[in-house]
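K.L.:
First, the structure itself, so that you have it in front of you.
Just so it is clear, none of the values below were taken in a lab; they were calculated from the coordinates. The shown structure was predicted, so the numbers you read here are calculated from the model rather than taken from an experiment. Cβ coordinates were reconstructed from backbone atoms using ideal geometry, including for glycine residues, and neighbour counts include every protein chain displayed.
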Amino acid sequence: MLLEAKHKNLPQDYRRAKELRQRSSFAEQKLWFALRNYGKQHNLKFRRQQPIHPYIVDFACFEIKLIIELDGQSHDHTQVQDQRRANYLASKGFKVVRYANDDALNNMEGLIETLHSQIMDLASPTPPLTPPARGGERLS
């Protein structure tokens, strides 16, 4: 069953994403390798430099609606824009998690462990907020 996208990517979004994939930083390459391996082990498909108009996210897993952003020094001065972007993506149903380039370069095991915890939270069914009715009673 294909999920219908709640956004409309433009041709230039795909061109820009391709350019970004070709110019990946070492930290992005290292995380991409780890995510591909993780995905194979856990039956998840990750995409890199994925357009979700009007943005291009670093990594996305559509099965669990997760976006992973890797922040370098360029993000140090863009917190307001990053929050606006995260709010927009959340409005489309995505959970956005951010990691520093330094984590990907120097603590990949810890990054993947933390990410695994996030993924398990997203993948596990959420219990109902209201307990089921007793004795056949229906809650309205």
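K.L.:
Among the candidates 85, 98, which residue alone is in contact with an Asp or Glu (Cβ under 7 Å, 6 or more places away or on another chain), surrounded by 14 or more Cβ atoms within 10 Å (Cβ to Cβ) and of a type in the set (Lys, Arg)?
P.N.:
Among 85, 98, only 98 is in contact with an Asp or Glu (Cβ under 7 Å, 6 or more places away or on another chain), surrounded by 14 or more Cβ atoms within 10 Å (Cβ to Cβ) and of a type in the set (Lys, Arg).
K.L.:
Pairs, please: C-beta under 6 Å, at least 6 apart or cross-chain, first residue buried (at least 22 other Cβ atoms within 10 Å of the Cβ) and in region 57-69, second among the small types (Gly, Ala, Ser)?
P.N.:
If the second residue must be among the small types (Gly, Ala, Ser), the pairs left are 67/60.
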